[in-house]
Amino acid sequence: MSNVLKKVKNIFFKNYPRTFLTIYLIFGFIGGFLLWLPFSHEGSLSFIDSLFVSVSAMSTTGLTPVPLTTTFTVVGKIILILIMQVGGLGIYMLIANFWIFSGRKIGISERAMLAQEQNLFSLKGIIRNMKHVFITIMSIQLVSIIFLSIMFYFNHSIGDLNLGESIFQAVFLTTALFMNAGFDIFTGGFVFGDLLTNGQYIIILWAMLLIFIGGVGFIPISEMIDKIISKIKKNEHKFSYVAKVLFWTHLGLFIFSGLIFYLLEMNGVLKGLGFGNAITASFFTSISSRSAGFSILNTTNPMLLRSSTQFFMILLMFIGASPNSAGGGIRITTALLAIAGVIRFGLNRPQTKIGSRAYKENTVQKAMVALLTAMILLSISIFLITIVENNDVFDTTFEVISAFGTVGYTNGLTASASLWSKIILLFIMFVGRISVITLISVVDLRKKEQGYLLTEFDLMVS
């Protein structure tokens with residue numbers, strides 16, 4: 001019996017990435033089971049659909065084969081809120097904060113698991129930072145819930161809601177926005193389009209801010225807290241290079257893609273909206289396309305956009321948000337390092353540089369491996385779904401990359417998908433949450449380290 005347990009432990013908990021994957025896998029199935037129970041939904045709901053919604057919420061994607069508003073009961077929607085919170089923040093982050101507030105000491109191995117989950121380089125100060133980030137995130141969400149509850153109660157542009165309904169909608173939407181999940185439970189499922197039509201810019205801008213903070217990563221949030229504390233104590237504090245890269249890249253891509261979207265669609269779906277509404281819709285779609293999946297245009301179907309706009313959105317979804325954030329995709333740092341690596345090769349530089357900073361060869365290689373693996377994985381998934389569904393390749397590509405980027409934009413494929421297509425999309429959403437690098441690290445087939453080097457050869461490359 002002990003040998004069997006050792007083998008099971010070796011299969012599922014051999015290394016940190018494998019333990020990380022196993023825990024998220026178990027959590028996804030528990031969420032799916034809870035949503036499948038009769039008290040969570042109205043009418044009939046297959047287990048594959050409940051599992052799909054659970055993994056979509058855990059990975060903060062937003063794709064769903066069933067309408068959330070009419071399918072799930074209040075209990076089911078509360079379970080969805082909890083799944084989004086845990087999935088977006090990270091299981092280990094929540095466990096660590098529970099231990100912190102209960103006074104339990106956190107060991108090295110537990111800190112290492114937390115660092116693995118949050119994509120952190122060092123264990124130094126990790127507990128203090130995670131505590132500060134957790135308190136800040138909860139505080140921001142509390143402020144958002146109060147603000148949105150008031151707006152929904154007194155603002156009738158999205159329907160007449162009583163106080164209880166206003167608070168519940170505010171809790172659900174705040175969670176979905178901050179965790180970049182793309183779910184909403186408003187009747188009609190087009191809340192931001194209605195808000196834009198009625199000129200409710202304050203709510204839209206607040207939603208964009210929540211999406212931005214949720215996608216920028218926990219490192220900039222942590223360092224911003226340190227900056228504020230230093231200001232209060234009148235101490236000096238400089239932002240780290242990593243925090244600056246994450247923040248400015250995230251902000252720069254947001255502004256750039258918003259302008260591109262406006263230029264691409266100014267004579268398309270934005271025509272007739274007026275300049276203010278068109279700009280608002282462009283920048284909302286810009287931030288939402290990289291991780292959140294909320295729609296503000298007159299249609300929730302992105303296939304009615306221009307082909308060039310759809311392709312641009314595919315690129316944004318593929319890149320995704322920052323590492324150690326609630327978003328998915330290959331992550332902006334991976335894209336940045338891959339581009340820098342190509343430039344280095346093209347210019348025959350001795351080092352990979354961005355500005356005045358050079359990056360370790362191993363880090364650049366890791367980014368290239370993540371990029372290539374993601375492209376292979378997505379290509380296989382697209383190929384398999386086109387076989388099963390006999391769908392248009394471009395439409396399938398859009399849906400699959402939306403799942404990988406944990407965005408949630410859909411052209412209708414998820415709602416009509418067969419069992420095998422749902423399983424493929426499930427897997428892709430899961431990979432988008434745990435990251436490609438974690439998936440590769442799970443397959444640890446290394447034996448005893450080789451004590452010698454083999455002769456190296458060249459091979460034609462063109």
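Inspect region 370-379 for any residue being among the small types (Gly, Ala, Ser) and outside any helix (DSSP H, G or I) and give the result as yes or no. Checking region 370-379: not a single residue is among the small types (Gly, Ala, Ser) and outside any helix (DSSP H, G or I). Within region 265-273, identify whether any single residue is more than 15 Å from the chain's Cα centre (by Cα), part of a helix (DSSP H, G or I) and touching a residue at least 24 places away in the same chain (Cβ under 8 Å), and answer yes or no. Looking through region 265-273, at least one residue is more than 15 Å from the chain's Cα centre (by Cα), part of a helix (DSSP H, G or I) and touching a residue at least 24 places away in the same chain (Cβ under 8 Å).
Of all the listed residues (103, 107, 32, 76), the sole one being on the phi > 0 side of the Ramachandran plot, more than 18 Å from the chain's Cα centre (by Cα) and not aromatic (Phe, Trp, Tyr) is 103. In region 347-366, the residues that are outside any helix (DSSP H, G or I) form Cβ pairs under 8 Å with partners that are among the small types (Gly, Ala, Ser) and surrounded by 10 or more Cβ atoms within 10 Å (Cβ to Cβ), at six or more places apart or across chains, as follows: 351/358; 352/340; 352/341; 352/358; 353/340; 354/340; 359/340. Does residue 243 satisfy the criteria of being among the hydrophobic types (A, V, I, L, M, F, W, C), assigned to a helix (DSSP H, G or I) and farther than 19 Å from residue 199 by Cβ? Considered against the rule, which asks whether it is among the hydrophobic types (A, V, I, L, M, F, W, C), assigned to a helix (DSSP H, G or I) and farther than 19 Å from residue 199 by Cβ, residue 243 comes out as yes. Looking across 407, 388, one residue alone is surrounded by 11 or more Cβ atoms within 10 Å (Cβ to Cβ), modelled with pLDDT of 90 or more and not in a helix (DSSP H, G or I). It is 407. Among the residues of region 94-146, write down those that are at pLDDT 80 or above and among the aromatic types (Phe, Trp, Tyr). Answer for region 94-146, where residues must be at pLDDT 80 or above and among the aromatic types (Phe, Trp, Tyr): just 134.
Please go through region 238-253 and give me each residue that is over 20 Å from residue 137 (Cβ atoms), surrounded by 11 or more Cβ atoms within 10 Å (Cβ to Cβ) and not small (Gly, Ala, Ser), ordered by number. Listed by number, the residues that qualify are 238, 244, 245, 248, 249, 253. Check whether at least one residue in region 141-155 is closer than 20 Å to residue 224 by Cβ and either of a type in the set (S, T, N, Q) or surrounded by 20 or more Cβ atoms within 10 Å (Cβ to Cβ) (or both), and report yes or no. Yes: one or more hits.
Considering only region 414-432, how many residues are surrounded by 24 or more Cβ atoms within 10 Å (Cβ to Cβ) and either in contact with a strand residue (DSSP E or B) (Cβ under 6 Å, 6 or more places away or on another chain) or of a type outside the set (Val, Ile, Thr) (or both)? Here the count works out to 4.
The values are calculated or read from the model by the stated rules, or taken from the named source; none is laboratory data. Because the structure is predicted, anything quoted here is derived from the model rather than measured. In this analysis, Cβ positions are derived from the backbone assuming ideal geometry, glycine residues included, and neighbour counts consider all displayed protein chains.
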